[in-house]
């Protein structure tokens, strides 16, 4: 229940910020959802996409007061997270990274995949690179714990470019040339990703148990073990604490 409350706080925070932007004239219909890397649902255009363990759902929200489920795909892998970028969905599962096209909004289509040893797998991505964290554990599986970097310029055939071992990685977020990786009680690691396939660690923020992050404009919204913390990322490689909100 506590995890659900935290996720709701994160989602509502971003919805609130997003509403302020829409008030300035941004079209909601062309928007892409902004959530954490551990999210199980997201928005692209007029559709909500959601994952459960073995299903990918498409929900038409053209009329937000009357959402309609238009598609339900049964899949053979344990899906955990979903991340939107342009007209693509990046889905992390316990067995790999899966890339779907939503050119036809109601019917996502698998266009690429990168298999890995069984593990937990949140993911973020842009046009050319995806970053995912795998956690080797009794619960998640035997894969090597760390940050995995894939070249996805060819979406049909992602290529693993680098593995950075980490002790206890969880969620992650990307803002321009900065990557933020939650490493639970080992802190929040900040990487310079100007060289996209070779992240360079710049600093680690200690003292809090970091679970997931959402970079939003110049604010980094962090889900921590005992609440929410907000950081100013005007300088993206040097987050500055604004406020901590405890449970």
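The values are calculated or read from the model by the stated rules, or taken from the named source; none is laboratory data. Only a predicted model underlies this, so the values are computations on that prediction, with no experimental measurement involved. Counting neighbours? That spans all protein chains shown, and the Cβs are built from the backbone with ideal geometry, glycine included.
Some notes on this structure:
- Cross-chain or 6+ apart pairs with Cβ under 6 Å, segment 63-78 first and part of a loop (DSSP other than H, G, I, E, B), then modelled with pLDDT of 80 or more and loosely packed, with under 13 Cβ neighbours inside 10 Å: 78/53
- Flag for residue 131 being part of a strand (DSSP E or B), touching a strand residue (DSSP E or B) at 6+ places or on another chain (Cβ under 9 Å) and at pLDDT 90 or above: yes
- The set of residues from segment 220-239 being without any contact (Cβ under 8 Å) to a residue 40 or more places away in the chain and under 15 Å from residue 175 (Cβ atoms) comprises 230, 231, 232, 234, 235.
- Elements of type strands (runs of 3 or more DSSP E) in segment 156-247, at least 1 residues being under 24 Å from residue 90 (Cα atoms): 159-165, 172-175, 178-182, 188-192, 200-205, 210-216, 219-224
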